[in-house]
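Each value in this text was obtained by applying a stated rule to the coordinates, not by laboratory testing. Treat the numbers as computed from the prediction; the structure is a model and nothing was measured. All Cβ positions, glycine included, derive from the backbone under ideal geometry; neighbour counts span all protein chains shown.
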Amino acid sequence: MDDSSRTILIVEDNPQDTELMMYALRENRFDGHVRLVRDGVEAIAFATSNPNLCLMLLDLKMPRVDGIDVLQNMRANERTCCIPIVILTSSSQESDILEAYRSGANGYVVKPFDIEKLSEVVGAMGAYWLNVNRVPRR
Amino acid sequence: MPEITSNSIADTSACAACGTPYARAPESEHLALIVEAAPIAIVVADASGLLRLVNSLAQALFGYDSGELVGQTIEMLLPERFRGAHPALRAGYMEAASPRPMGAGRDLFGLHKDGREVPIEIGLSPLQTSEGLFVLAALVDISERKQADEHLRLIIDAAPNANILVDSSGRITLLNAEAERLFGYTRFELLGRSIDVLLPVRLRRGHAGLRASYLLAPSARRMGAGRELFGVRRDGSEVPIEIGLSPINTPKGQFVLASIIDIAERKHAESLRLASAGVLAQNAELEALNNELESFSYSVSHDLRAPARAIHGYARMLEKRYAQEFDAEGQRLLSVVLSEASRMGVLIDEILELSRLGRQELRITSLDMESLVRGIVNDLLRRSDANGVVFHIEELPRAFGDLVQLQRVWENLLSNAVKYSRKSTPPTVRVWGEYDGEKAVYHVEDNGVGFDMKYAHKLFAVFQRLHASAEFAGTGVGLAIVHRVIVRHHGRIWADSKVGRGARFSFSLLSVPSHG
């Protein structure tokens, strides 16, 4: 299995933030698929129908179904319960962090202001989560 | 009906002192019969004060047998202390004799044969007889009434508040020590005077009418329902009072007992209570307002963050992809956009932190300040900008505080010290502390550029900078954060400096004075 078959899903309603994240992923030379959805409903629909999804970068504050609902929904579904989900959000409120982890987040990252840092963070997350469930090559 | 006997007037015809027989006037018989028949104690004395008739009720009153009194001077029925003055009073009466009560207003006593004094009331009437002017004294034993009065007096005296007994004409007949104290009079100054002297002049006019209508339907009730009542003291000052009125019926007539409470203290306490309730309400309001402001500044800063990040990110993308296509001026303009956007980002993050610090719950533990400070200094030294700075860290007292927040305090103070002493040779930062009672006091001193104490009051305010940012980078939030944290810890922070001669920042925290 190479990166090209693996998919990262970005769940983000702010188009600028989305573009910045895409930029950061490109900077990190991620060569798999990057998909974008704009809210929680789309995120759940995508996750349940795409077995290649290997990382979800999830915003918390979204229209319709918000990030915490997406988390809980994903964790309750057998087909999606093991997909790594990292919260990537503007909120640095302790209550949000706690709630995210309680709802089954694998990580919580406050969107760095600086695009270089964003790039670093996204790169590091990708490197970690894309490899953590991989069967070692012979 | 007493038995009519002749012996009360028998043998009364001779002077007890000289034995001279009196001429028996025909009307004396009648008089003796009438006196004896009267339902009250009566004695009749002549102009020289000798007893001429004593009826059996009078004998019983004074404890004498028949015949023991007639012919004696009337003074033998008086307690010793009154005897001296009595003949003159008698003589005075004789000169303008008319029926009247004796000893107006004074308490009168008779002397019983066994030596005890009997409170009596005496009515005097002149009697013109053939033997000259006699005086008929009708006597009422008022022991029981006196006892009742005495009970009333004791009760009133024992009352914990001012009490004044007033008769139906508004005259003060009894008052207690509390009433004396409240109004500043002695009781002898008030007894017999109208109750009106205790009223402010402006209220006196209507008072007689009010008293009269009270007497028409007397009942125990509060006076002046709904109105504020005032008494006036001897010195003319007014005192706010509350008055309870109770009607008291006695054989002497209708009295009214006024029970008076000085409510000046209560009013004072009330106003204090209202004031403190006001302060509490104000505090709660301020706190609510403060919370509102905090969450406002938090959400504003938070919402500013996304567009600021976008500006910075897009400028960076522009730079990466198209920098070569710009000329030098274009590149300069782009770099200004980048650095300003970056500065805005730092500002927003610091405001967010300041706001978060204000809202975060403190997790208080006992802190080993010395190792905390040494750890932070090591971190600073690892960074290039603290290169060459000489640190002197002395033994530091422990204190209570939130580890994360106080870490931030030390980071800010120490990096400030490093920043502003960078140009000194060598830059030196000294940290020390001491116990001060239940507090620990810490000091961070540098040998840097210092500041003008004239601006010391601006030091801890948000966005206040005492140095040009071109000279020393910074946002002006760092010391505001330090201040916020120390204040939330109920500590105090202050600074001392001279331009060009370094600065010293000190703060205090609660501590336990031991090195445990």
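Among the residues of A:115-121, the average count of other protein chain beta-carbon atoms within 10 Å of the residue beta-carbon is 3. Rounding to the nearest 20 debye, state how big the charge dipole of chain B is about its Cα centre with +1 on each Lys and Arg Cβ and -1 on each Asp and Glu Cβ. The dipole of chain B has a size of about 2340 debye. Between amide H atoms placed 1.01 Å from N, distances below 5 Å from A:Leu36 occur with A:Ile10, all of them 5 or more places distant or on a separate chain. Taking amide H atoms as placed 1.01 Å from N in the peptide plane, the amide H of B:Ile142 lies under 5 Å from those of B:Ile120, B:Glu121, each 5 or more residues away in sequence or on another chain. For a paramagnetic label modelled at 7 Å from the Cα of B:Lys252 toward its Cβ, which residues of segment B:169-193 fall within the zone defined by backbone nitrogen distances under 16 Å? Backbone N within reach: B:169-176, B:187-193.
Pairs spanning more than 20 Å between alpha-carbon atoms, out of A:Lys61/A:Lys111; B:Lys423/B:Lys498; B:Lys454/B:Lys498; A:Lys117/B:Lys419; B:Lys113/B:Lys252; B:Lys146/B:Lys252: A:Lys117/B:Lys419; B:Lys113/B:Lys252.
For segment B:44-51, backbone phi angles converted through the Karplus equation (6.51, -1.76, 1.60; θ = phi - 60°) give residue-by-residue couplings of 10, 10, 8, 4, 8, x, 8, 6 Hz, Gly and Pro being listed as x.
Order of B:Ser415, A:Ser49, B:Ser511 from fewest to most other C-beta atoms within 10 Å?
The most exposed by this proxy come first: A:Ser49, B:Ser415, B:Ser511.
Taking the simple approach of a point 7 Å from Cα along Cα-to-Cβ for both B:Asn290 and B:Asp114, what is their distance in nm? My value for the distance between the label points is 8.1 nm.
Phi-derived couplings, Karplus 6.51 cos²θ - 1.76 cosθ + 1.60 at θ = phi - 60°, listed residue by residue for segment B:441-450: 10, 10, 9, 10, 10, 10, 10, x, 6, x Hz, with x used for Gly and Pro. Remark: mean inter-chain Cβ contacts per residue of B:308-317 equal 6, using a 10 Å Cβ-Cβ cutoff to other protein chain atoms. Taking 0.36 nm per residue of separation and subtracting the Cα-Cα distance, full extension of the segment from B:Ser169 to B:Arg153 would add 3.8 nm. Once you treat every alpha carbon in the protein assembly as shown as an equal point and sum by Debye, what is log10 I(q)/I(0) at q = 0.11 Å⁻¹? Normalising to I(0) and taking log10 leaves -1.15. Based on Cα contacts under 8 Å between residues 6+ apart, chain B shows a relative contact order of 7 percent. In chain B, the longest principal axis of the Cα atoms and the axis of helix B:26-37 are about 40 degrees apart. Relative to the dominant Cα principal axis of chain B, helix B:403-421 is inclined by about 60°.
Work out the FRET efficiency for A:Asn131 and B:Val279 from their Cβ-Cβ distance, taking R0 = 56 Å, and round it to the nearest 0.05. It comes to 0.35. Each residue of segment A:111-116 is assigned a 3J(HN,Hα), and the resulting list reads 3, x, 5, 7, 5, 5 Hz, derived from the Karplus form 6.51 cos²θ - 1.76 cosθ + 1.60 (θ = phi - 60°), x at Gly and Pro.
FRET efficiency for the A:Asn52 to B:Leu510 pair, using the beta carbon distance and R₀ = 60 Å, is estimated at 0.55. Only helical runs count toward this figure. For chain B, summing -39,500 (n - 2.57) over DSSP H runs of n ≥ 4 and dividing by all residues gives -13500 deg cm²/dmol at 222 nm. Simple spin-label estimate for B:Val300 and B:Lys454 gives 3.1 nm between the two label positions (7 Å along the Cα-to-Cβ direction from each Cα).
Summarising the amide proton neighbourhood of B:Gly231: residues at separation of 5 or more, or on other chains, whose placed amide H is nearer than 5 Å comprise B:Val239, B:Ile241. Among A:Phe113, B:Phe505, a tally of other beta-carbon atoms within 10 Å of each Cβ gives an order, fewest to most, of A:Phe113, B:Phe505.
Taking label positions 7 Å along the Cα-Cβ direction at both B:Arg383 and A:Ala76, the computed distance is 4.6 nm, reported to one decimal. Result for chain A in a Gaussian network model with C-alpha springs under 10 Å: among A:Leu98, A:Leu71, A:Leu118, the largest mean-square fluctuation is at A:Leu98. Compared with the dominant Cα axis of chain B, that is its longest principal axis, helix B:328-359 is turned about 30°.
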